[in-house]
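Some notes on the structure that comes next.
The values are calculated or read from the model by the stated rules, or taken from the named source; none is laboratory data. All values derive from a computational prediction rather than experimental measurement. Don't worry about glycine lacking a Cβ; one is built from the backbone with ideal geometry, like all the others, and counts go over all protein chains shown. SASA here: full protein model, heavy atoms, side chains in, ligands and nucleic acids out. Shrake-Rupley method; radii C 1.70, N 1.55, O 1.52, S 1.80 Å.
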Amino acid sequence: MNSKELFEKSLKLVPGGVHSPVRSFKGLHTTPRFINRGDGAYIWDEDGKNYIDFCMSFGPLIHGHQDKDIKAEIISALDNGWTFGACEKYSLELAEYIIGRIPFIEQIRFVNSGTEAVMTAVRLARGITGKAKIVKFNGCYHGHLDAMLIKAGSGLAGEAEASSKGVTDIQAKDTLICELGNLDEVKEVFKQFGNEIACIFIEPLPANNGLLIQEQAFLQGLRDLCTQYNALLVFDEVISGFRIGFGGMSEKTGITPDLVTYGKIIGGGMPVGAVAGPRKHMEFLAPVGPVYQAGTLSGNPVAMRAGLVNLQKLTKEAYATLEENTKNIVALLQDWMDKNGFADYQIIQYGSLFYPINTKDKLTNITQLPSNMGERFKALFEVLLNKGIYLAPNGYEVGFVSLAHDKSVQEELKKRLWN
Ligand SMILES: *Cc1c(COP(=O)(O)O)cnc(C)c1O
């Protein structure tokens, strides 16, 4: 069956034909490509066409598809069985490796997804502080837990409402929404609710609704407010962790959060998430502390071993190469776009992330995204897809570059663009 036939079948079997909404190609010119295989920087669909992949499973595959070392480790791990629901040594090796390279982290709890990590961190922050409210920023994505499916309300600063049906008003009441980059608003919210706020949650490099690079002073301002009001600062580094350098944005900015959440890269493409921080916070978790959290498949030995090999390969040189790959790719894309009907675009780049958007303005929050970005993205996506270049199928998503996007792939990209 080809992609079109598979999607028709999928629509009968699965709500909307997908297991995660962003995969649905909603608002685009075509239906989803069903991917059969990936290798390096390339994916092949069920129609036999191949693409240079800039989605990379939305980030986990920092070494590309089927990295040979990770693959060998997974295969060797399978020989010992793939889940025990008991203690094993592999999660300790992964934990030790991360703790050894990121100074503020003393303990880690592994879970199975970014959402689960965030859910745990929210409960942990509430348990530690004994307070209920959390501050979240418009445009930051933290997974699909109730506490985070909240949007700004129409009333006073911070006031919010559910952004999904099924999320209760009570949940919405405990999440305060602020605009990225507006420290005065956050200060105002703390003035009003300071003694009720358990934590500020932020993607320190917001990369789920465009690439909204924040000023150092803003992030530092959040750090200071949390310290002043006895709230926790939680960096959600599910995308930026191990991508913007090994220590993510906390290392890059020198700002130390109280807790950090990981996902995506940490499992090398296997389902892993994590909450991490100093021991004094982490030991609030069960069984030693009063905050409950558990997981049948957590610390899965195959995933732990894949994750460790994945992280061990992230040397200083690897990050330099990633950055160089990304700069070259952005230059190739921008040059082609400038001369082929997409001159209204800039490509924002940070580390190995890039984001094409049809405005030349500097972007720090989601309200600054142009209102016609949907139709412009549809046009760009269609042209590139036809040329064998696969962007994440939604205009809000960033592009992910891997170590597999090397010189030969860059040459191929140039060829495909100008063909
Ligand atoms: C992807 C993402 C999540 C959710 O992770 P899942 O593994 O999809 O549940 C949470 N926070 C951020 C910043 C993310 O990018």
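Observations on the model:
- Ordering 384, 403, 326 by the projection of their Cα atoms onto the charge dipole of the stretch 305-419, which places +1 on the Cβ of Lys and Arg and -1 on the Cβ of Asp and Glu, puts 403 at the extreme positive end.
- Think of it as helices only: each DSSP H run of n ≥ 4 in the chain is worth -39500 (n - 2.57), and spread over all residues that comes to -11000 deg cm²/dmol at 222 nm.
- Two-decimal ratio, the chain, of alpha-carbon radius of gyration to 2.2 N^0.38 Å: 0.97
- Stretchable slack from residue 411 to residue 159, in nm (0.36 nm times residue separation minus alpha-carbon distance): 85.7 nm
- Per residue, the chain exposes 43 Å² of solvent-accessible protein surface, assessed with a 1.4 angstrom probe and all protein chains in place.
- Spacing of the modelled spin labels on residue 29 and residue 331, each 7 Å from Cα toward Cβ, amounts to 2.9 nm.
- When only Cα pairs below 8 angstrom with a gap of at least 6 residues are kept, the stretch 1-91 shows a relative contact order of 19 percent.
- FRET efficiency estimate (nearest 0.05) - Cβ-Cβ, residue 188 to residue 324, R0 45 angstrom: 0.60
- With contacts taken as Cα pairs under 8 Å at a separation of at least 6 residues, the stretch 68-312 carries a relative contact order of 29 percent.
- With every protein chain in place, the stretch 68-312: carbon and sulfur % of accessible area (1.4 Å): 53 percent
- Of all DSSP-defined beta bridges confined to the stretch 68-312, some 40% are antiparallel rather than parallel.
- When each of the peptides 247-253, 402-408, 158-164 is scored by how many other beta carbons lie within 10 Å of its residues on average, the order from highest to lowest is 247-253, 402-408, 158-164.
- Subset of 339/387; 131/362; 89/280; 9/49 violating a 26 Å alpha-carbon distance limit: 131/362
- Over the stretch 348-419, the pair-distance histogram of Cα-Cα distances with 5 Å bins from zero comes to 3, 14, 22, 25, 20, 11, 5, 1 percent, rounded to whole numbers.
- Reach of residue 133 by Cα under 12 Å, taken over aspartates and glutamates that are not fewer than 8 positions away in the same chain: 159, 174, 196
- Considering only the chain, percent of DSSP beta bridges that pair antiparallel, nearest 5: 60 percent
- Annotation note: trypsin sites (Lys or Arg not before Pro) in the stretch 317-379 located in DSSP loop regions with a Cβ neighbour count of at most 10 within 10 Å are 360, 362.
- Cross-link reach list, lysines versus residue 12, counting only Cα pairs under 18 Å and skipping chain neighbours closer than eight places: 4, 26
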